[in-house]
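Following: one structure in structure tokens, then a few remarks.
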Amino acid sequence: MKFYVLIARVIIGGLFVLASIHKIVDPAGFAMAIRNYMLVPAAWSNLLALVVPWIELGAGVLLILGIQTKPCALLTTGMLGIFLAALIYVYTIGLDINCGCFTSAASSAGRVGPYHLVRDTLLFLISLSILVADRDEPNVSHILIPAEKQPPATA
């Protein structure tokens with residue numbers, strides 16, 4: 001089970017890091033992608049475009065390193081749940097927009113379809129499994145923080 005959690009952490013963490021990079025570099029394009037979903041007021045899209053990618057990057061890096069795994073898995077699972085709900089909404093009403101998950105709205109090709117729904121469902125389930133299965137096994141934080149300052153292990 002430890003090996004599965006490690007692989008799942010690297011997959012979800014890596015995807016969150018990858019997804020954040022283009023959004024950090026092109027916040028205007030990401031703001032446009034957010035507006036295309038028509039789920040939040042347009043005034044919020046710029047703030048979300050500036051904040052969400054940094055949260056994705058932080059959660060992804062911490063998951064990969066195994067630092068604060070449970071809180072990060074809770075965060076990624078919640079974010080994936082929100083992303084999945086938005087994709088389901090867009091797909092069911094037939095809105096012809098690009099996902100904007102890994103690129104800006106202007107540069108991504110293709111509209112939201114069954115592939116996106118299956119992909120995000122699988123990612124949501126993998127992230128959820130990290131949250132459920134992680135037992136705070138030794139990780140990078142155990143190397144960085146001396147043993148006497150480690151919180152007590154939970155059974």
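The values are calculated or read from the model by the stated rules, or taken from the named source; none is laboratory data. In this text the structure is predicted, and so the values were computed from the model without any measurement. Counting neighbours? That spans all protein chains shown, and the Cβs are built from the backbone with ideal geometry, glycine included.
Remarks
- Within the range 58-92, the set of residues being in contact (Cβ under 8 Å) with a residue 60 or more places away in the chain, β-branched (Val, Ile, Thr) and under 16 Å from residue 121 (Cα atoms) comprises just one member, 76.
- Count - residues of the range 45-64 that are over 20 Å from residue 77 (Cα atoms) and loosely packed, with under 14 Cβ neighbours inside 10 Å: 1
- Of residues in the range 72-107 being of a type in the set (S, T, N, Q) and at pLDDT below 90, the one nearest to residue 17 (Cα to Cα): 103
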